[in-house]
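Participant: Right, I'll just put the structure down here and ask away after.
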């Protein structure tokens, strides 16, 4: 029995079952909550839409193939429906009041809020934020706002992960990992893209980097969230496609041109979106909760003539995939959807940026494919393939997420045969537009993120020895144990150091005496004449020239000393000089500047 227990302990030690089991449990809980949250959001949005757009306006937009739509009838919707002026305006007003009165950080597209929480706020998200974001976004989208589902769903999962980590008193690093897992679970569930959702969660945080530490928990939670959501809504893809294939290498020339155009359009999209936000809505001298209502009214003015810009637009994307939309209409839809999204979300409305971006990319791809087919019918035989490629390439360039977008579009459409042009155009668009991003809170890489600043401090300090930082001085005074403080004071006035080693009669170092210790007794005149170094010295701590500065920093932080004696390893009572905390910081700053210059 004892042998079997020992064997199990040794076996389990190699596989870290306690660590693995803990994260499996966390990922499972986050995935379940995100999946259930996705269900709740979907039903709330459908309920709002049933009452407003369908009930009052009689507007029934087409649905994507995976959600019961056939794409038929969408093009016969009448214009000049005056409800389009009222419903988005009221939706913006209600959404704005919910956000600004209960959770102002839920403003705009929620993914950006999660990215900010990860980098700037130690992964802390208030518990009320996901709830407010869910209801406000459901109202925005349900009343026709040009927004998507990914923002609120990402905040549901991320918010639960953050609250759970805080409740369990986990570290900031663990909390951030749980936030990433929550984003993955939310995106993976609502878009039925478990692998793409996980990759999106670790990719959207940076322009040129990945949060690889959170990838495994993100994949686990994303799969759980997807399984929970799909168990009710079905295991099918969102969009249905025909037999679209890539089998002509010459098409890569057209895909290359298209990728460049997607990058340029992505840059224009970012500039228009933030330009309208910063130059139109931000300067307005009206209450903040009224701005989304004004944005809704501006959206309604467009919808009065072009109702296809209302909502997420998935049904219209399906119609583009099926080849049922004219090139002229799709080109116009690109421009109008960018404006509609800028009005809905740039005004402070609540919702995601992902779905409108898919719409823009799909319409742009459909128009490009249609024109290419007209001019080169023998080469471009499947023009609707550009609809799928456009969704991936456009958002990959606009949001710096080329890897996750290729996987997400593949999972959302089930079209794995277009993986080559998806990767090619998405990568090209990313390289061209990588300096811009629709996610304003993205940072370039780990080095620029406060979440990883400590990692780089450790790495840099570990590569520098004390030898390179301390001031060598073989004549550092040694204070004798029995030396009275009247004789000690001149040492501090004559030298720059504010800390000296204390030694006994044999020369053995027994402690340290700092200026702060002296100040504590200088005011006690009745006992100052009888106090000696032995009475006020503190414990002896030193560093050696061979130690690295990371180890030295640990000693500074633990002891609160401002300087430490540097001693010879072979002769521990021989003082070679002094390392001050200021010296350590100076060397670190120089090394950091050099590292940034070289990288």
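Rule-based calculations on the coordinates, nothing more; no lab input. Computed from a prediction, not measured in an experiment: that's the story for all the values here. Positions of Cβ are backbone-derived with ideal geometry, glycine not excepted, and every protein chain shown enters the neighbour counts.
Participant: May I ask you to derive the FRET efficiency for residue 582 and residue 102 from their Cβ-Cβ distance with R0 = 45 Å, giving the value to the nearest 0.05?
Facilitator: The value I calculate is 0.45.
Participant: In the P(r) worked out for the chain, what percent of Cα pairs fall beyond 43 Å?
Facilitator: 37
Participant: Which FRET efficiency, nearest 0.05, do residue 590 and residue 416 yield, Cβ-Cβ r, R0 41 Å?
Facilitator: 0.20
Participant: I've got another one for you. Evaluate the range 463-598: find the radius of gyration of its Cα atoms, find its Kirkwood radius, and give the ratio Rg to Rh.
Facilitator: 1.02
Participant: If you don't mind, another one. Output the peptides 217-229, 281-293 sorted from most to least packed, where packing is the average of other Cβ atoms within 10 Å over each peptide's residues.
Facilitator: 217-229, 281-293
Participant: Rounded to the nearest 0.05, what FRET efficiency do residue 231 and residue 379 have when you use their Cβ-Cβ distance and R0 = 51 Å?
Facilitator: 0.70
Participant: Okay, moving on. Of the peptides 343-353, 304-314, 27-37, how do they stack up when ordered by the mean number of other Cβ atoms within 10 Å, highest first?
Facilitator: Peptide ranking by packing, descending: 343-353, 27-37, 304-314.
Participant: Another one. Please arrange 252, 265, 557 by how many other C-beta atoms lie within 10 Å of their C-beta, fewest to most.
Facilitator: 557, 252, 265
Participant: Hey, another quick one. When a/c reaches 1.5 or more, the comparison of a/b and b/c decides; with that in mind, is the range 366-443 rounded, prolate or oblate per its Cα gyration tensor?
Facilitator: prolate
Participant: Also, quick follow-up: Contour minus end-to-end for residue 285 and residue 530, with contour as 0.36 nm per residue of separation and end-to-end as the Cα-Cα distance?
Facilitator: Between residue 285 and residue 530, full extension yields 81.1 nm more.
Participant: Using 0.36 nm per residue, how much length does the chain from residue 332 to residue 506 gain when fully extended, once their Cα-Cα distance is taken away?
Facilitator: 53.6 nm
Participant: Another question about this same structure. What does DSSP give for the chain in terms of the percent of beta bridges that are antiparallel, rounded to the nearest 5?
Facilitator: So the antiparallel bridges in the chain amount to around 75 percent.
Participant: A follow-up question, please. Quick one: 480, 435, fewest Cβ neighbours within 10 Å first, how do they rank?
Facilitator: 435, 480
Participant: On to the next question. Provide the gained length on full extension for the span residue 574 to residue 51, in nm with one decimal, where the gain is 0.36 nm per separating residue minus the Cα-Cα distance.
Facilitator: This chain segment gains 179.9 nm when fully extended.
Participant: Here's a follow-up. Order of 328-338, 157-167, 464-474 by packing, highest average Cβ count within 10 Å first?
Facilitator: Result, highest mean first: 157-167, 328-338, 464-474.
Participant: Take the Cα pairs of the range 249-382, get the Kirkwood Rh, then feed it into Stokes-Einstein at 20 °C and 1.002 mPa s and tell me D in µm²/s.
Facilitator: 135
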